[in-house]
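First comes the structure, then the notes that go with it.
Quick note: the coordinates plus some simple rules give every number you see, no bench work behind them. Everything numeric in this text was worked out from a predicted model, so none of it was measured.
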Amino acid sequence: MAAMVSQRCAVFARSVSRMNVLCASRAASTGATDGGNYHHPTGGQLTMGGKQMSAADIKKIPDDEVKKSVFISQSNDVFTNLALEDWIYKNFDLTHHHILMLWINRPSVVVGRHQNPFSETNVAALARNGIELARRNSGGGAVYHDPGNLNCTFFMPRARYDRKYNLNLVTRALYREYGISAELTDRDDIVLLGKKQVSGTAAKLGQPNAYHHCTLLVNSNKLHLGASLAKDNVEITSKATASIPSPIKNLVDVNRSVNIQQLLSAVGYEFLRTPATQLTDGGRELLMKQRGFQLINPTDKWFPGISELRENFASWDWRFGKTPAFSVQKTIQMKSAADTSDQHPEMKVKVDVEKALIKEISLVLPNHEPIPVVSDMVGQPYDEDCFNGIVDALKGANTESMRHAMGL
């Protein structure tokens with residue numbers, strides 16, 4: 001295993017010869033204590049109690065006392081990477097150590113903490129296509145991940161949170177490495193040509209730590225992206241945070257030489273050569289003072305308890321059970337063999353859902369109170385296939401009996 005890690009480091013080092021690359025295997029010393037803090041093998045310092053610095057004191061820390069690391073996750077599993085993100089956020093002392101985590105996932109759709117996945121995508125279709133549905137801890141809208149998409153997470157103390165600083169680091173890297181001129185919108189998205197989005201953004205602000213993450217569309221499969229974020233043709237009423245659709249563009253559409261590994265190196269290099277609070281170029285001199293690049297294997301050996309965090313992110317209760325209450329409606333026509341007119345009464349099939357479980361099924365007609373439908377589907381998990389099955393069953397019911405019961 002050590003040989004494999006060393007080989008991967010050598011390959012990575014050749015692509016970033018100007019950088020000082022550090023591997024987790026080189027830092028695999030036992031933890032040492034210092035003033036009540038545990039020094040993690042990756043070079044971080046974990047808060048183990050003790051008095052926290054005030055926001056005012058953190059802001060007074062000079063830039064030359066803040067070291068930086070770039071963590072490159074070796075996992076492509078969306079739940080593992082979300083767990084790693086959460087672990088760093090909860091455990092690292094970031095007062096003198098800022099971290100950029102770079103990660104790439106297998107195909108998946110990730111919704112914001114307060115979103116309704118059934119409003120953002122077709123959950124049943126994702127499952128059939130083998131695409132994971134994940135819910136992250138930050139807010140914001142739904143995004144599609146695949147191996148052509150680079151994810152960047154910036155970790156810093158809450159007192160030093162600066163989203164525009166992070167995004168400008170990315171745009172500087174794009175220009176320095178590829179000559180690509182990108183801009184920031186009022187919503188802090190990164191766009192090309194004034195409108196085509198190549199990056200979305202979200203954040204988690206807590207105490208004492210915070211993180212800000214964004215995506216970079218390098219060579220993402222736009223056909224799969226569009227299909228994965230397509231919704232079922234139904235009417236959904238929900239108070240959940242809704243995504244704002246935007247036209248997108250891959251970076252390779254602008255510069256065909258862009259590739260994800262080179263971009264990963266460029267963004268990491270830009271992060272390390274830039275002071276902690278100022279968008280100035282510290283060059284090689286600053287770079288050599290940083291903690292460098294580290295290949296991260298997100299396992300319990302290095303991050304105790306991360307497996308439990310992963311299980312939580314992958315659980316049905318977190319991904320779906322956290323969905324705010326919503327209702328789904330679809331209009332159907334009531335036809336009968338005896339009815340030869342072109343005008344058929346319409347009704348709506350309505351399903352109320354709480355915590356992603358079906359609470360009530362009803363029929364809604366104009367100027368009528370909703371009529372409850374007795375069904376053993378009540379209490380079952382909701383998805384689009386389930387709803388369409390309910391609609392089809394009601395369409396196939398005895399239309400004459402239904403019309404009579406409704407006084408039509």
The range 172-275 - convex hull of alpha carbons, volume per residue in Å³: 147
Reachable lysines from Lys355, criterion Cα separation under 24 angstrom, eight or more residues apart if same chain: Lys204, Lys231, Lys239, Lys322, Lys330
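Say the cut-off is 30 Å between C-alpha atoms; which of Lys67/Lys301; Lys164/Lys195; Lys60/Lys196 go over it? Don't skip to the end; give the middle numbers.
Working: Lys67/Lys301 24 Å; Lys164/Lys195 18 Å; Lys60/Lys196 38 Å.
Table pairs above 30 Å Cα-Cα are Lys60/Lys196.
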Partner aspartates and glutamates for Lys51 [C-alpha distance under 13 Å; skip if fewer than 8 residues away on the same chain]: Asp93
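Given Cα positions, please report Rg to Rh for the range 50-197, the hydrodynamic radius being the Kirkwood one. Walk me through the intermediate numbers first.
On the way: Rg = 17.3 Å, Rh = 17.4 Å.
Over the Cα atoms of the range 50-197, Rg/Rh equals 1.00.
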